[in-house]
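The values are calculated or read from the model by the stated rules, or taken from the named source; none is laboratory data. Values in this document were obtained by computation on a predicted structure and should not be read as measured data. Neighbour counts run over all protein chains shown; Cβ positions are idealised from the backbone, glycine included.
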Amino acid sequence: MTTFSDLGVHKNYIKGLKELGIKVPTEIQEKTIPFLLENKSDFIGLAQTGTGKTVAFGLPVLNLINVDDDNVQALILSPTRELVQQIKKQLFKFTKYIDEKIFVEAVYGGEKIERQINNLQRITHVIVSTPGRLVDLIERGDVNLKNIKTVVLDEADEMLSMGFKEDINRILKYTSGDRNTWLFSATMPEEIRQIVKRYMNINAKRVEINTHNIVNSNITHFFVKTTLKDKTNDIADFLDKRTSERGIIFCRTKAGARKLCKELKDEGFSIDVLEGDMKQIDRDKVMRAFKNESLQYLISTDVSARGIDVKDINFVVHHQLPEQLSYYTHRSGRTARAGKTGISIAFILPNELEKIHQIQKDLQIKFTETKL
């Protein structure tokens with residue numbers, strides 16, 4: 001069995017990883033870390049959500065930092081506030097036992113920009129940011145990225161699907177010079193190919209993990225036929241049979257998410273909702289409760305769930321099938337993370353059976369009909 005020590009990771013980082021319960025490298029980590037530790041070059045890593053990409057790029061980023069240089073040396077771009085906060089927290093924990101202090105700052109929308117500007121005036125070696133907020137800081141002249149040696153594009157396909165294409169282009173132009181770009185993504189749509197062509201070395205090292213499986217193969221997919229009248233009761237019956245498990249329920253609309261949350265709360269379930277009209281402070285409160293397990297279930301819209309990474313999610317429920325195929329991949333990817341198994345179950349009306357067949361075909365997965 002390969003160890004982090006075999007990959008060339010310093011023992012003090014390994015100590016920090018062990019405290020996080022990360023003991024054995026995943027496939028993307030095995031194939032990425034040794035290369036990035038030994039080579040200063042561009043890199044493309046293709047792997048599904050939940051395969052451990054943060055460790056794969058995070059350890060090499062930290063390893064490249066020169067602590068005697070007070071300038072910002074690395075930039076990590078990620079699609080959502082939640083992912084940015086999570087990456088910063090993980091990098092901080094990785095460095096718990098190393099001798100020299102590496103300073104990481106997170107910047108994102110939804111918080112006062114002045115506070116983030118003040119934080120950046122302290123010594124900062126690594127910035128983790130959403131694209132939109134970073135462009136704001138660049139335009140105001142409040143961030144200096146001229147000494148950047150490494151730019152990481154994390155969840156690149158998600159950033160593009162969320163409309164950050166122009167922002168990413170501006171940031172890559174602004175940081176052009178003697179820097180390496182590391183791009184991590186679950187898929188490789190045409191827009192990402194354009195970024196690779198324009199901003200990265202034609203000979204960039206490329207690592208692909210199970211890219212023929214668009215959806216994590218550790219997920220089992222089910223569907224239940226129901227009616228509009230019975231759907232909430234059927235979902236409640238499903239939850240009743242999983243009293244020791246945790247899960248996320250996806251709705252297509254904000255109104256639908258709020259309505260379902262009220263109905264299930266009235267049935268006595270430990271549940272709350274994430275949707276786009278919430279204030280950031282309320283959103284953070286719900287996410288905190290779900291992460292610390294004082295909430296058992298979470299209801300979310302597709303956009304609100306971007307970047308949710310909570311350990312040990314046993315199942316994902318589709319209250320309705322998503323509008324876009326990619327949303328099914330992102331929804332179901334909330335479960336079966338870090339090598340574990342999980343369930344994805346859709347509650348469908350009889351006229352949606354054709355859509356199930358289409359998802360099966362397009363994503364190369366198998367649905368099984370089940371009765372509750």
Please pick out the residue among 305, 346, 257 that is in a loop (DSSP other than H, G, I, E, B) and of a type in the set (A, V, I, L, M). 305
Within the stretch 147-164, restricting attention to residues that are more than 10 Å from residue 192 (Cα to Cα) and among the small types (Gly, Ala, Ser), which residue is surrounded by the fewest Cβ atoms within 10 Å (Cβ to Cβ)? 163
From the set of residues in the stretch 105-125 that are within 24 Å of residue 192 (Cα to Cα) and not small (Gly, Ala, Ser), which is modelled with the lowest pLDDT? 108
Has the stretch 200-212 got at least one residue that is of a type outside the set (S, T, N, Q) and closer than 30 Å to residue 370 by Cα? yes
All-but-one check, residue 267 against (1) under 25 Å from the mean Cα position of the chain (by Cα); (2) loosely packed, with under 15 Cβ neighbours inside 10 Å; (3) charged (D, E, K, R), failing number (1)
Look through 105, 82, 100, 114 and report the one residue that is buried (at least 21 other Cβ atoms within 10 Å of the Cβ) and charged (D, E, K, R). 82
Subset of the stretch 165-204 that is crowded, with 21+ Cβ neighbours inside 10 Å and more than 21 Å from residue 40 (Cα to Cα) - its residue that is modelled with the highest pLDDT: 168
Of all residues in the stretch 204-224, which are assigned to a loop (DSSP other than H, G, I, E, B) and touching a residue at least 60 places away in the same chain (Cβ under 8 Å)? 204, 209, 210, 211, 212, 213, 214, 215, 216, 218
Selection within the stretch 4-34 - part of a helix (DSSP H, G or I) and either of a type in the set (Val, Ile, Thr) or in contact with a Lys or Arg (Cβ under 6 Å, 6 or more places away or on another chain) (or both): 14, 16, 28, 32, 33
When you scan the stretch 56-75, do you find a residue that is part of a loop (DSSP other than H, G, I, E, B), under 28 Å from residue 313 (Cβ atoms) and in contact (Cβ under 8 Å) with a residue 40 or more places away in the chain, even just one? no
From the options 181, 227, residue that is assigned to a loop (DSSP other than H, G, I, E, B) and either within 30 Å of residue 142 (Cα to Cα) or not small (Gly, Ala, Ser) (or both): 227
Kindly provide the set of residues from the stretch 314-337 that are at pLDDT 90 or above and farther than 25 Å from residue 228 by Cα, ordered by number. 314, 335
Qualifying residue in the stretch 323-340 (condition: in contact with a strand residue (DSSP E or B) (Cβ under 9 Å, 6 or more places away or on another chain), among the aliphatic types (A, V, I, L, M), surrounded by 16 or more Cβ atoms within 10 Å (Cβ to Cβ) and on the phi < 0 side of the Ramachandran plot): no
Every residue in the stretch 88-114 that is free of Cβ contacts under 8 Å to residues at least 24 places away in the same chain, within 23 Å of the chain's Cα centre (by Cα) and in a loop (DSSP other than H, G, I, E, B), please. 103
Between a residue in the stretch 260-280 that is closer than 19 Å to residue 230 by Cα and any residue that is hydroxyl-bearing (Ser, Thr, Tyr) and modelled with pLDDT of 95 or more, which pairs come within a Cβ distance under 7 Å, given they are 6 or more apart or on different chains? 260/232; 263/232; 269/297
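Hey, does the stretch 208-229 have a residue that's of a type in the set (Asp, Glu) and either modelled with pLDDT under 95 or assigned by TED's automatic domain parsing to the domain that holds residue 137 (or both)?
Yes, that holds for at least one residue.
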Within the stretch 18-45, residues surrounded by fewer than 22 Cβ atoms within 10 Å (Cβ to Cβ) and touching a Leu at 6+ places or on another chain (Cβ under 9 Å) come out as 23, 30, 34, 37, 40, 42, 44
Would you be able to tell me the number of residues in the stretch 293-309 that are in contact with a strand residue (DSSP E or B) (Cβ under 8 Å, 6 or more places away or on another chain) and either surrounded by 21 or more Cβ atoms within 10 Å (Cβ to Cβ) or touching a residue at least 40 places away in the same chain (Cβ under 8 Å) (or both)? 10
